[in-house]
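Novice: Dumping the structure here so I can ask a few things about it.
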Amino acid sequence: MPELVFFSGTMDCGKSTLALQIEHNRSARGLVGMIFTRNDRAGEGKLSSRLGLVTDAVEATDGMDLYAHLVDHLSHGGRADYVIADEAQFLAPEQIDQLARVVDDLGIDVYAFGITTDFRSKLFPGSQRLVELADRVEVLQVEALCWCGARATHNARTVGGVMVVEGAQVVVGDVNQSADEVGYEVLCRRHHRRRMTAATAHAAALSPDVLPVSPA
């Protein structure tokens, strides 16, 4: 039976890499897919991974009807044996409904990939709808790590290495950004709650107030 599957995880855990691997495996067997994406780091209409892999995709813009787009593609002689939706957290809830309709009405598997919560630990509307509708939710097993070595479970937004907790929900950035840019870092829950990034932890470790040394 066709399924709507949501592959979720933090940033930097290999979601886009898995999406590209699924596309590769199926295309190698002669299957043809429709790939949707939104706000990819490589630019509009691209699906890319941090390993340097990239392929063309359809940019899912605001108000775009994904079901109607696919039906139009099929009606004009196109083919789609499966659908991949990367950066699915940026999709509107109604677009997630449209992906579910692709599964139910067209009998086509849909594989959605995205992070569940934003930098404030709040659910993205698109991810929330996927959790509500998906036949399966798969948490990726490639664990991203916090700077302390613990399993990373939260996405932090940083400016100059300092964690921020206010601002628009969607600001496109990436891990490993330069210090003066908006970037993101994955943290464990404890350090996300303490707003302690790798940069601030390093600064704290260098502070003489952290480990006072008694005179000899």
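Novice: Looking for whichever is closer than 24 Å to LEU133 by Cα and either acidic (Asp, Glu) or within 16 Å of the chain's Cα centre (by Cα) (or both) here; the options are ALA60, ALA42, ALA80. Which one fits?
Specialist: Details: ALA42 fails: closer than 24 Å to LEU133 by Cα; ALA80 fails: either acidic (Asp, Glu) or within 16 Å of the chain's Cα centre (by Cα) (or both).
From the options ALA60, ALA42, ALA80, the qualifying one is ALA60.
Novice: Further question: Which one of GLU59, GLU94, GLU87 is touching a strand residue (DSSP E or B) at 6+ places or on another chain (Cβ under 6 Å) and among the charged types (D, E, K, R)?
Specialist: Details: GLU59 fails: touching a strand residue (DSSP E or B) at 6+ places or on another chain (Cβ under 6 Å); GLU94 fails: touching a strand residue (DSSP E or B) at 6+ places or on another chain (Cβ under 6 Å).
When all the criteria are applied, what remains is GLU87.
Novice: Determine, yes or no, whether ASP81 is touching a Gly at 6+ places or on another chain (Cβ under 9 Å), of a type in the set (D, E, K, R) and in the same structural domain as LEU31 (by the TED database).
Specialist: Values: touching a Gly at 6+ places or on another chain (Cβ under 9 Å): yes; of a type in the set (D, E, K, R): yes; in the same structural domain as LEU31 (by the TED database): yes.
Here the answer is yes, as ASP81 does meet what is asked.
Novice: Considering only residues that are more than 23 Å from GLN95 (Cα to Cα), surrounded by 15 or more Cβ atoms within 10 Å (Cβ to Cβ) and of a type in the set (Val, Ile, Thr), which ones fall in segment 111-155?
Specialist: THR153
Novice: VAL83 versus (1) part of a loop (DSSP other than H, G, I, E, B); (2) within 28 Å of ASP118 (Cβ to Cβ): which is the lone unmet condition?
Specialist: So VAL83 meets the others, but not (1).
Novice: On to the next question. If you scan segment 113-150, which residues turn out to be at pLDDT below 85 and either outside any loop (DSSP other than H, G, I, E, B) or among the polar types (S, T, N, Q) (or both)?
Specialist: Result: GLN141, single match.
Novice: Looking at segment 2-20, which of the residues that are closer than 21 Å to GLU185 by Cβ and of a type in the set (D, E, K, R) is modelled with the lowest pLDDT?
Specialist: So the residue we want is ASP12.
Novice: Taking the stated definitions as given, is ASP86 open to solvent by less than 30 Å² (accessible area, probe 1.4 Å), modelled with pLDDT under 95 and not assigned by the TED database to the domain that holds ALA168?
Specialist: Details: open to solvent by less than 30 Å² (accessible area, probe 1.4 Å): yes; modelled with pLDDT under 95: yes; not assigned by the TED database to the domain that holds ALA168: yes.
So ASP86 fits the description; yes.
The values are calculated or read from the model by the stated rules, or taken from the named source; none is laboratory data. These figures come from a predicted structure and were not determined experimentally. All Cβ positions, even for glycine, are placed from backbone atoms using ideal geometry, and neighbour counts span all protein chains on display. Surface areas here come from the heavy atoms of the whole protein model, side chains and all, with no ligands, DNA or RNA. Shrake-Rupley method; radii C 1.70, N 1.55, O 1.52, S 1.80 Å.
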